[in-house]
1. Please go through the stretch 127-154 and pick out each residue that is on the phi > 0 side of the Ramachandran plot and surrounded by 14 or more Cβ atoms within 10 Å (Cβ to Cβ).
2. Scanning the stretch 192-207 for residues that are open to solvent by less than 10 Å² (accessible area, probe 1.4 Å), aliphatic (A, V, I, L, M) and within 14 Å of the chain's Cα centre (by Cα), which turns out nearest to V160 (Cα to Cα)?
3. Condition first: on the phi > 0 side of the Ramachandran plot and in contact with a Ser or Thr (Cβ under 7 Å, 6 or more places away or on another chain). Now tell me which residues in the stretch 32-59 satisfy that.
4. Could you please find all residues in the stretch 82-96 being outside any helix (DSSP H, G or I) and open to solvent by less than 60 Å² (accessible area, probe 1.4 Å)?
5. Output the number of residues of the stretch 99-126 satisfying the condition of being open to solvent by 30 Å² or more (accessible area, probe 1.4 Å) and over 22 Å from R38 (Cα atoms).
6. Tally up the residues in the stretch 26-57 that are over 20 Å from the mean Cα position of the chain (by Cα) and touching a residue at least 60 places away in the same chain (Cβ under 8 Å), please.
7. Scan the stretch 97-119 and report the pairs whose first residue is over 18 Å from F200 (Cβ atoms) and outside any helix (DSSP H, G or I) and whose second residue is among the small types (G, A, S) and open to solvent by less than 10 Å² (accessible area, probe 1.4 Å), with Cβ atoms within less than 7 Å and a gap of 6+ or a chain change.
8. Quick test for you: out of A64, A83, pick the one residue that is touching a residue at least 24 places away in the same chain (Cβ under 8 Å) and not basic (K, R).
Amino acid sequence: MGLWRVCANLIWPPLCPITGDPVAAPGELSAKAWSQVRFLDAPWCESCGLPFDYPIGKGALCGACAAQEPACRRMRSAFVYDAESRRLVLMLKHAGRTDGLKVFGRWMARAGRDALDGADGLIPIPLHASRLRRRRFNQSFLLARAVSEVTSLPVEPNLVLRTRATPSQGGLSGKARQRNVAGAFRIQKNAKPFIEGRRFVLVDDVHTTGATLQACARVLKRAGAEDVTAITLARVVKPVDPLT
């Protein structure tokens with residue numbers, strides 16, 4: 001740890017982003033916060049990563065993935081997005097706090113280890129130019145860079161463009177979310193040769209219905225990507241019946 005960081009920690013001691021208790025390093029969780037955040041791991045849907053309450057066999061799928069094969073072959077998330085954990089997402093997405101990124105990158109790489117296996121690059125979900133100007137940063141790019149520091153995979157932020165300023169997905173149903181992002185993404189001009197035959201991992205902050213991830217995966221697959229998977233920091237979890 002550099003001298004500047006030591007001095008900074010003495011003046012502004014790092015605090016847990018959930019409980020406000022003192023912690024060893026910026027972005028770390030206190031013991032109390034660890035018990036409040038529901039980290040995700042198997043057993044889960046082999047495709048979308050939806051957690052199951054109990055193991056039901058290798059390769060098990062949830063009902064939605066069994067009914068229709070997703071364009072994004074595998075999706076993984078670090079923790080459940082709920083009342084306790086949402087502050088971790090919002091402090092990055094809306095407050096612009098980056099002190100937790102190093103920790104987030106480790107969590108996402110761990111949860112997404114099978115999604116990252118064999119990948120050639122990380123693609124952050126792009127923001128429309130108008131929203132990027134307002135927010136001044138893309139939280140998905142920051143998360144992708146944090147995962148890159150753990151995995152050494154290159155970040156490819158310029159392959160996919162968001163060409164339509166879609167309304168917020170908040171409060172929309174699954175079908176409405178699909179309609180909202182339909183046609184909102186396209187491949188960057190002259191990017192197809194860099195996509196054909198390669199394997200990519202999409203990176204985003206929250207997986208709600210997966211509509212955005214699927215829309216991006218479809219344009220990459222149409223451009224010749226061999227495989228597309230995804231990892232997110234958090235995901236919304238709703239009860240669902242698994243299918244084997």
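The values are calculated or read from the model by the stated rules, or taken from the named source; none is laboratory data. Predicted model, so just to flag it, every value in this text is computed and none were measured. Note: ideal-geometry Cβ built from the backbone for every residue, glycine included; neighbour counts use all protein chains shown. When the accessible area is computed, the model is the full protein with side chains, heavy atoms only, and any ligands, DNA or RNA have been set aside. Shrake-Rupley method; radii C 1.70, N 1.55, O 1.52, S 1.80 Å.
1. none
2. That would be L202.
3. Of everything in the stretch 32-59, those that are on the phi > 0 side of the Ramachandran plot and in contact with a Ser or Thr (Cβ under 7 Å, 6 or more places away or on another chain) turn out to be G49, G57.
4. Matches in the stretch 82-96: D82, S85, G96.
5. Selection size over the stretch 99-126: 3.
6. 3
7. Close Cβ pairs (under 7 Å, with a partner that is among the small types (G, A, S) and open to solvent by less than 10 Å² (accessible area, probe 1.4 Å)) amount to D99/G27; G100/G27.
8. Working: A83 fails: touching a residue at least 24 places away in the same chain (Cβ under 8 Å).
One residue alone meets the criteria, A64.
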